[in-house]
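Structure, as structure tokens:
The values are calculated or read from the model by the stated rules, or taken from the named source; none is laboratory data. No experiment lies behind these values; they were computed from the predicted model shown. All Cβ positions, even for glycine, are placed from backbone atoms using ideal geometry, and neighbour counts span all protein chains on display. Protein only, heavy atoms only, side chains kept; ligands, DNA and RNA dropped before computing areas. Shrake-Rupley method; radii C 1.70, N 1.55, O 1.52, S 1.80 Å.
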Amino acid sequence: MRGGTIAVVGGSIAGCAVAAAVARAGAGDVVVLERTRGRLQDRGVGLCIHDERAAELGASGALPVGIAAHRLERRRWVVRDDAHGAGGRVIWEQPFPFHSYHWGLLWHGLRESVPESVVYRHGEAVAGVAEVGDAGVDVRLAGGSVERYDLVVGADGYRSVVRTALCPDSRPQYAGYVCWRGNFDAARLAGLGSSPADSVPEAVTTVCFPGGSCVVYRIPGPGGPRVNWVLYGSPPQDGQLRLDDPTSFPPGGLTPALSGHLAALLDREFPPYWGRALALTDPADTFVQPIYDMETARTAAGRLVLAGDAASVVRPHNTSGAAKALQDATALADGWRRCGSFEELTRCYEGTRGAAGRELVALARRLGRAQVERTPAWAAMDGEGMGSWWRGQLGGAPGIGGRTMTP
């Protein structure tokens, strides 16, 4: 396939990866429609990509070289135990072959890799899309104008308007718990005094407590290394948190009551060192969101394609979101080179990526149940018990972080 007009709805990680991939594969006019007018690179949350996925994506060109990353090697699971000091007691260690990234720096690297032939339009909110048979797809912009394209790729996240057209019955479902996120300058840890709890920058620490867990690890930042953390637990029971929107309280938007709830949780459940460490986070860098997930019956049909979170919303426990988005882009480009029509392309993409997304959703649900909804008696666990517990969550999967792409 050569030429054709392609609209990519959404210009974040998945959108940039898709635009770059299809342009290099031979697409003609590629347009990215991004609703945000501001700078996406200001988003500072951390994420991880498995070493094997990173190598594959680097070889395919989907993950550009030179993007700042921090190497991680192992994961330590700890519980509060005053007899073992302020850092708590380590109940298990496991290999963790990942690299961590700063969302904004990763996005910037992907944005820079988009060929100049691609038109990237900020402030272009898409109100809806509609197929018009062999003539293509009409894209209706929020301002009222309509543009026609040969193919439309929805890379517009969990609120995807493209998914609404392709799978109108697929909607994100609340998982029953929330996620607190934050990050801070790693240099601030020096103010806590010397402690073996955070003496290995290559280690991920998972703090375990009844009804939840919290993952803490280093990420690169625009101004130097940062500490990123993700805490899963039950929502406050006073109704102050809306559960109808996965971004209910963005960075800087926590109410005093929510801040107090988090502070009380850290004081009550965390080893003292880790509670004090998370408290170093500025309010402007702290937020809370309900956890959702979603699987779709199909990820492509006709002249419509879904990529990234638009195709499947996976709970973060699986550490696969960024890799999955880049794999989606790679699969679309591979199909573009092999297929002879848009209809064949969407069939090929569905066969390659549809089941992959549904498998990730199922695995992350198992991880969420085990690490938040039905936590074990953490303090009574030992290495052998933790290993068995972990294998039960995987359910035969080789590990977290996503799978290799099918050749």
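Data table
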| item | result |
| --- | --- |
| Accessible area of the stretch 149-255 belonging to carbon and sulfur atoms, whole % at 1.4 Å probe | 52 |
| Most positive-pole-ward Cα, 179, 153, 119, against dipole of the stretch 111-194 from beta carbon charges | 179 |
| Around residue 92: net Lys/Arg minus Asp/Glu count, Cβ-Cβ under 10 Å | -1 |
| Rounded to 10°, Cα long-axis angle of helix 256-269 versus longest principal axis of the chain | 50 |
| For residue 105, solvent-accessible area (1.4 Å; no DNA, RNA or ligand), Å² | 50 |
| Only Lys, Arg (+1) and Asp, Glu (-1) charged, at Cβ; the chain dipole about Cα centre in debye | 180 |
| Alpha-carbon Debye profile of the stretch 273-403, log10 I(q)/I(0) at 0.09, 0.18, 0.19 Å⁻¹ | -0.38, -1.01, -1.07 |
| Per-residue SASA entry for residue 243, accessible area with 1.4 Å probe, Å² rounded to 10 | 70 |
| Distance between the stretch 1-78 and the stretch 264-306 - C-alpha centres, whole angstrom | 20 |
| Cα pair count fraction exceeding 39 Å, expressed as % - the chain | 18 |
| Taking N as its residue count, the alpha carbon Rg of the stretch 70-131 over 2.2 N^0.38 Å | 2.08 |
| Which of 336, 389 is most accessible, then next, and so on - probe 1.4 Å | 389, 336 |
| Among 23, 243, 208 the positive-end extreme of the charge dipole of the chain (Cβ point charges) | 208 |
| The chain: most fluctuating residue of 166, 254, 63 per GNM, C-alpha cutoff 10 Å | 254 |
| Value of [θ]222 nm, deg cm²/dmol, for the chain, DSSP H segments ≥ 4, -39500 (n - 2.57) each, nearest 500 | -9000 deg cm²/dmol |
| Computed magnitude of the charge dipole of the stretch 288-402 (debye, nearest 20; Cβ of K, R +1, Cβ of D, E -1) | 140 |
| Per residue accessible area in Å² of the chain, where ligands, DNA and RNA are left out and the probe is 1.4 Å | 41 |
| For the stretch 252-407, with +1 on Lys and Arg beta carbons and -1 on Asp and Glu, the positive-most of 402, 318, 265 along the dipole | 402 |
| Solvent-accessible area of residue 285 with every protein chain in place, 1.4 Å probe, in Å² to the nearest 10 | 50 |
